[in-house]
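Contents: one structure, followed by commentary.
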Amino acid sequence: MKKKLLAALLAAACLFTGCSNNGTSSSDSSSADNSTASGENSTAVDTDVKVGFVYIGKIDDGGYTQAHDAGRLAVEAMGVETAYVEDVAETVSDTCEAIRTLIDEGCNLIYTNSFGFMEGTVEMAKEYPDVKFAHCSGYMREDNMSTYFGKVYQARYLAGIVAGMKTEANRIGYVAAKGIPEVIRGINAFTLGVQSVNPDATVEVVFTDTWYDPAVEKQAALELLNKGVDVIAQHQDTTAPQVAAQEKGAYCIGYNFPTADAAPDAYLTAACFRWATFYTDDVQRAIDGTWSSRAYWEGLAANMTYLDELSDLCAEGTQEKVDAARNAIIDGSLEPFTGPLYDQDGNLKVEDGVRMTDDEIWNMSWFVKGVVGTIPA
Amino acid sequence: MDILNEISLFLQTSVQMGTHILFAIVGGIICEKVGNTNLGVEGMMLMGAAMGFTVACSTGNPVLAVLAAGAAGLAGALIYAFITVTLRGNQVVTGLVLTIFGTGFAGFIGKSVSGNIVPESVVSAFRPYDIPILCDIPIIGKALFSQSIYVQMALVVAILAYFYINKTKMGLYMRAVGENPAAADASGVNVTFYKYFNILLGGFLCGVGGAYLSIVFLTTWQDNVTAGAGWIAVALIIFSTWNPLKAILAAYLFGMLKGLNFKMQGWGIQVPSQFLEMLPYVATIVVLVFITLRKKKENQPPKALGDPYFREER
């Protein structure tokens, strides 16, 4: 008897939820009204959008994935349900499995946050045409799959200004992960930033060939510091290079996420992403029914990337220079990759006054003058 | 002078990069000397790294932190010893499982402490210090005498382990158990005790080694902090032909490897990093081939390595 009652109740509950879901998707205007009403009460938005995230790292890694997860929390704050799978390996099968898990949980808008998830995301986008996808940092798109990334090179340019003002040895170290355009672009923008305030300074680069290996990252930084650099910048996922800088009494510039706590006596600032900007915008489009596949690549102007607040350790007058450059980038009067640009051997690569196109910047595979180091084959 | 200084700084960093591996190799050797292949080194290192870090942060006591790290490695080894010695389970499988378990355990413990920094009291206890006069010896001075006490401890432990294995009665018994447990048993050596004791001792050292990374070298919690160092240690156990003194060389050579890559980048020489990552394993294979061909007695693996011991089966 009791079991029957329970079953009846469950069935009623299913029916009820089914109805309400149909209601929202069929009439846009009423659901929009509902969402504003409930939004004011800061409870759930009346939407059937559920967002899933596939993460390369752990949500508390103090770096790349944590920065993404701050974006997920911003989506939750909109009143939208979210789910995530962390620590996913960059193989097609693992990517697909993680995406399937999220779809089984009811997600219909899925973000995958690492380059290596690209093939798997494409495969799943083809298999589930009704689910929306967006892949971070890649170049493959489908009708139901966007790409997104932040112009963090703009923030790196500002970080370069900070480093160029601070260095006394006129030698800055840069611990880089891999010799791919994303990293090269960052090194170049950083170096241009350095040289905009300190034309004599050079940026010495070593490649670790790993995104994540704390001990090796620290060793790379120590090698640079032993050679005499006095500021360390990084394109790595942990704070280990910053710890090295602190140990050797030098200064450091972080990446991804403000990390002043890791090396308080060395930390100058960090070039950071604000993923929430993209995620909330994209989820809102899904809720409004205006979502379409696109290539999203925004920077300082859209508040997609930013430079962390300068610490007290920065050289005097840095704030003014950074503010001026930031405003110029935002209003469009300054683009770091504007000619004349020379490569390491002094050959003119970009004519005076010519701006590199987004495509050229995206695919950059040469170092600008002022970088000391070679791109691994 | 400048070049000498550069070399000595390079060696200083290399020794630091070899320290956690040295602990792990010595721990692994002690375990294998009683006839147990332990592939759980990586797991025990991570357990030690996580527990050591947690205790360092909560108590601020450097000694407690090291002991806790060792205890965590020991706890991992206890699981392994119970399955392989008491239940006579397969050592390879158990070791692999221990690594997977340890990785998960460390990730779980680490979640609650991530974002913390090792307190100043612990950092200053393990800060590199100069031993006067000795640290000014050219080339090797900084590498040995301008280091953290933790780094020097690894060296001392390796030397003590050599004497323990080769010059003490307990070492003799342990080697007997590893070579021929039946004979040892017949002559009155408590096989189970010696296996347990040395496996646990090895686990303790692995745990302490892992903690070097989390509480001394990095001072922040990073997930999966060893990043495969435990596996390199397993390979280097063979490379050092089960001799803790050669382990010192193996560990520091390995520590040098990555640094050398960074140096060569500075000189404009390109070596694919895959090649360097291959080196410890290639070297291990070469040594394996070499010792099997030469059949020199003192370079051979313990005879009963990998075999569970059943008293009734003779």
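The values are calculated or read from the model by the stated rules, or taken from the named source; none is laboratory data. Everything numeric in this text was worked out from a predicted model, so none of it was measured. Because the Cβ atoms are built from the backbone with ideal geometry, glycine has one as well, and the counts that use them run over all protein chains shown. Ligands, DNA and RNA are stripped out before the accessible areas are found, and what is left, the full protein with its side chains, is counted by its heavy atoms. Shrake-Rupley method; radii C 1.70, N 1.55, O 1.52, S 1.80 Å.
Please identify which residues in the range A:171-202 have an amide N closer than 17 Å to a label point set 7 Å out from the Cα of A:ALA377, following the Cα→Cβ vector.
It comes to A:179-180, nothing else.
Based on the mean of other Cβ atoms within 10 Å per residue, sort peptides B:149-162, A:281-294 so the most packed one is first.
The densest-packed peptide leads the list: B:149-162, A:281-294.
A:LYS58: which aspartates and glutamates have alpha carbons under 16 Å from its alpha carbon, excluding same-chain residues fewer than 8 sequence positions away?
Candidates past the 8-residue exclusion: A:ASP69, A:GLU86, A:ASP87, A:GLU90, A:ASP94, A:ASP213, A:ASP237, B:ASP223.
Give me a comma-separated list of calculated 3J(HN,Hα) values for the range B:6-14, in order, Karplus coefficients 6.51, -1.76, 1.60 applied at θ = phi - 60°, integers in Hz, x for any Gly or Pro.
Ordered by residue, 3J(HN,Hα) equals 5, 4, 5, 5, 4, 5, 4, 5, 4 Hz.
Rounded to the nearest 0.05, what FRET efficiency is calculated for B:VAL289 and B:MET264 with R0 set to 22 Å and r the Cβ-Cβ distance?
Between B:VAL289 and B:MET264 the formula returns 0.20.
Using alpha carbons only, what's the Rg to Rh ratio of the range A:66-179 with Rh from Kirkwood? Show your work: numbers first, answer last.
Working: Rg = 17.8 Å, Rh = 16.3 Å.
In the range A:66-179, Rg relative to Rh is 1.10.
Taking only Cα atoms, what is the 0 to 90° angle, nearest 10, from helix A:118-127's long axis to the longest principal axis of chain A?
Roughly 20 degrees between the two axes.
Amide H of A:TYR148: which non-local residues (sequence gap of 5 or more, or other chain) have their own amide H closer than 5 Å, using H built in the peptide plane?
A:HIS135, A:CYS136, A:SER137, A:GLY138, A:TYR296
Lysines near B:LYS296 by alpha-carbon distance under 16 Å, same-chain residues fewer than 8 away left out - which ones?
Correct list for B:LYS296: B:LYS246.
Taking only protein heavy atoms into account and a 1.4 Å probe, give the accessible area per residue of the protein assembly as shown in Å².
Accessible area per residue, the protein assembly as shown: 42 Å².
Could you bin all the Cα-Cα distances of the protein assembly as shown into 20 Å bins starting at 0 and give me the percent of pairs in each, rounded to whole numbers?
Values per bin, smallest distances first: 17, 44, 30, 9, 0.
Could you report the buried accessible area between B and A, both sides summed, computed with a 1.4 Å probe and given in Å² to the nearest 100?
Working: alone 14730 and 17030 Å², together 29060 Å².
Result for this pair: about 2700 Å² buried.
Only helical DSSP H runs with n ≥ 4 go in: add -39500 (n - 2.57) per run for the protein assembly as shown, normalise by residue count and round the 222 nm mean residue ellipticity to 500 deg cm²/dmol.
That comes out to -18000 deg cm²/dmol.
Assuming R0 = 60 Å, what is the FRET efficiency of A:TYR139 and B:ARG127, from their Cβ-Cβ distance, to the nearest 0.05?
Plugging the Cβ-Cβ distance into 1/(1 + (r/R0)^6) gives 0.80.
Short version: what are the Cα gyration tensor semi-axes of the range A:264-377, square root of 5 times each eigenvalue, largest first, in whole Å?
The answer is 29, 23, 15 Å, longest axis first.
Extending each Cα 7 Å along its Cβ direction at B:ILE137 and A:TRP362, get the distance between those two points in nm, one decimal.
Taking the simple label geometry, B:ILE137 and A:TRP362 are separated by 5.8 nm.
Past 24 Å, Cα to Cα, is the threshold; run A:LYS248/B:LYS142; A:LYS126/B:LYS111; A:LYS151/B:LYS263; A:LYS151/A:LYS321; A:LYS50/B:LYS111; A:LYS151/A:LYS218 against it and keep the listed order.
Flagged as over cut-off: A:LYS126/B:LYS111; A:LYS151/B:LYS263; A:LYS50/B:LYS111; A:LYS151/A:LYS218.
Hey, quick one: spin label on A:ASP261, modelled 7 Å out along Cα-Cβ, who in the range A:286-318 has an amide N within reach, i.e. under 18 Å?
The answer is A:308-309, A:311, whose backbone nitrogens lie closer than 18 Å to the label point.
In square nanometres, what is one fourth of the surface area of the convex hull spanned by the alpha carbons of the range B:2-313?
The number I arrive at for the range B:2-313 is 17.3 nm².
For chain B, with all protein chains present and a 1.4 Å probe, just round the carbon and sulfur fraction of the accessible area to a whole percent. Display every interim value, and only then the final one.
Numbers: 9440 of 13360 Å².
Looking at chain B in its full context, I get 71 percent from C and S.
Based on the Cβ-Cβ distance of A:GLU309 and B:SER58, what FRET efficiency does E = 1/(1 + (r/R0)^6) give at R0 = 22 Å, to the nearest 0.05?
0.15
So for chain A, Kirkwood radius off the Cα pairs, Stokes-Einstein at 4 °C and 1.567 mPa s: how many µm² s⁻¹?
58 µm²/s
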